[in-house]
Every structure is written in C-alpha cells, then in structure tokens.
Amino acid sequence: MNEDQLKREIEQALSVEPSPQFMAKVRRELVAEPRRPPVRLPWTLVAAGVAGAVLILAIVVFLPRQSGNSIVKSVPAIVPVTEVPQSVEIETVRPPKPTVTAERKVTPVTAPRRSEPEVLFDPREAAAFRSFVQAVQEKKVNASRLDAFFEAVERADSTIEPMPIAGTPIEIRPLELAVEEKQRGGETL
Amino acid sequence: MTVDLDQEFEAQLAESTRLAFRVAYGVLRHREDAEDVAQEALTKAYRKRGSLREHERFRAWLVRITWRMAIDHQRSHKRRVVWETADVANLGTNESAVDILASRERSASLWQAIDALPEKLRIVTVLAGIQEHDIREVALLLELPEGTIKSRLFLARQRLKELLQ
C-alpha cells in the first residue's frame, strides 16, 4: 500500500456524515440550555483592577510608617525661651465605683500637640548668635577670614582649659556649731 | 422551528457540528456514540462561547475537547464497542458480498493500525483524514507549527504502512 492509497483509505474511512436529525438535535439541546449571558471580562480591565488594588494596599501599608519616620524639613526658628513649659498632668481615668449612681463625665486633659519639636536655647546663646549674624551683615566681621580663623584654631592645641569659677567659695559649717549659734541668736532676740 | 441562539454562535455551529462529529467518529467509529459525544462537546462550547469568540481558537478548542471526550467515552464503554465500517455505506448496490467483506476487513485492520499509534500521531492522522483538511488547517486546529504536523504525519504514515503489511 503506497502513501496515496493509504491517504485515500483513511479519508474514505472518515467520510461519514452525521444523521440528518443530528443538527436539529444539537440546536434543540442548545436552546434548552439556561440562558446565561456570556461573561466576558476584558483582560485590560482585570489588570487595571488588580493594579489599583495593589496600589491601595501599598498606600495603606507604607503610608503610616513613612509619616512616622518623616524628617522635619523646615528648620524651626530659633526662639529664646525664658521659661521652661510647665509639665502637664494628665488625669488618669479610674473605673467608676459600683456604688455611685450618678455618672460623672471625665474629660481627660491632653497635652496640646505641636507640629514642630520645641527647641530650647539659652537666651544668651541666642543673643550672641544674633549679634554675630548682625556683625557679619554689617561687615564688622570679615566672613571670608573665618575659615582661616577656624583652621588656626584647629591647628592650635585643641585642649581647652577650664575657666576659673568666678565667685566666693561657700563655707559650710558643721551642724552642731550652726545649731548652737542659732540658739544663741534666739536668746539674744 | 425557531431557534434563538446568538448569531455569532449560530454561524460557528453550522460549520463546527460536522467537524466535532468527525473527530468523535475518528475515535469511536460508531455513529450514535459519535453524535452523543459531539453534541456534548458543542453544548460545552456553547456554555463557554463568551471566552471563545475567535473563530480559529474556537475550532481548535472544539477539536481538543471532542477528542478528549471521545477518548474518555471509548475507555468507559470499551466492552460494548461495535465498530461501524464507513465504506459499507459508500459501496454501490452492484458490489458483491465478497467486495463488501473485503472492504470491511481492510477498514477494520486500518482502524486497528490507527488505534495502535501514539496519541500525538493518531490525532494528526484523523484530522488530516477529514477530507477538507490540509496541513495548514490541521496546524491551526492543533495550534502547532506546520513543520511539526508534516513530520508527525510522515511518521504516522510510515508506522501505518508497517502495521498494515
């Protein structure tokens, strides 16, 4: 059997037609199928949806951390503070006693929040800095020579001698003597 | 009879019914069984019509699903398989009983040889045996390169010749 004969044999073996009722049977079957509109989601829409969900998730996960670690970019103004702010006492809320009938509203005192951290400077330091800046602006101090000055300081001995303490030394008397003197003073009075 | 299938599927159905039937028949060689399997495959295709709009992809999918279902059907009904001989219907009325017997015998041995082929070669043989299919059509239906189909078909015919001798 050669190739053509074989091909013809196979073709002949497969040249079978379905019964005349077959097509009608198939159509009947398909019409009886429950009518469901073909669900077709374009892949671009699906991809866009997934990308959006990922983006939202990323924002939700990473945003709080970033705001916690954010660096304050604006340099706070140098404000001389003469008084140390009073410490704020935060009232602790105790659980109400079971015997008390009238309810009391407890409004907790919260410390006012500031957007920028408070920087404390000694007023004398601030005044010195301000006068230095003013001197540079008025050209009383030659800023171009400052580098040379700082280099010279660095080259010089870096150990700084402690300044002598200005003021009279405090004399502390023994306790017994002090009491005796007090009693004597009381008598004289 | 009024049929309100959607128009697109209607067009696909007209030309795919015969294809599904022939693929099923290529495995089962039993008209009624082949019709049942083809009908089942077409029903499945109808349910999935939303994702099978492309014409060539639809046909390729239908061939694959029909082939698989026919193989499953053949396995589950192996005991009651009664093969038909197609050429009986094609013989003229003046053919003698001897001719009919010889034709049946030839057909049976051919199908036996086709069944003995590995599945990859078997499906190529069946699809190429469907009269209107050339290499390009088979390549499209199996979603394979034409070169692959050619070499598989060559191999399949070599094996068949060996088996039939």
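The values are calculated or read from the model by the stated rules, or taken from the named source; none is laboratory data. As the structure is a prediction and not an experimental result, all values here were calculated from the model. Note: ideal-geometry Cβ built from the backbone for every residue, glycine included; neighbour counts use all protein chains shown. These accessible areas exclude ligands, DNA and RNA; they are computed on the full protein's heavy atoms, side chains included. Shrake-Rupley method; radii C 1.70, N 1.55, O 1.52, S 1.80 Å.
At-a-glance table
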item: Residues (assigned to a helix (DSSP H, G or I), more than 8 Å from every other protein chain (Cβ to nearest Cβ) and at pLDDT below 85) located in the range A:9-43; result: A:32, A:43
item: Scan of the range B:34-47 for residues that are touching a helix residue (DSSP H, G or I) at 6+ places or on another chain (Cβ under 8 Å) and open to solvent by 20 Å² or more (accessible area, probe 1.4 Å), ordered by number; result: B:36, B:39, B:40, B:44
item: Answer from B:158, B:112, B:131 - the residue that is surrounded by fewer than 20 Cβ atoms within 10 Å (Cβ to Cβ), within 12 Å of chain A (Cβ to nearest Cβ) and in a loop (DSSP other than H, G, I, E, B); result: B:131
item: Criterion (of a type in the set (D, E, K, R) and crowded, with 20+ Cβ neighbours inside 10 Å) met by exactly one of B:57, B:29; result: B:29
item: Meets criteria (over 20 Å from residue B:28 (Cα atoms) and either touching a helix residue (DSSP H, G or I) at 6+ places or on another chain (Cβ under 9 Å) or part of a helix (DSSP H, G or I) (or both)) for residue B:141; result: no
item: Residue B:3 being open to solvent by less than 50 Å² (accessible area, probe 1.4 Å) and at pLDDT below 85; result: yes
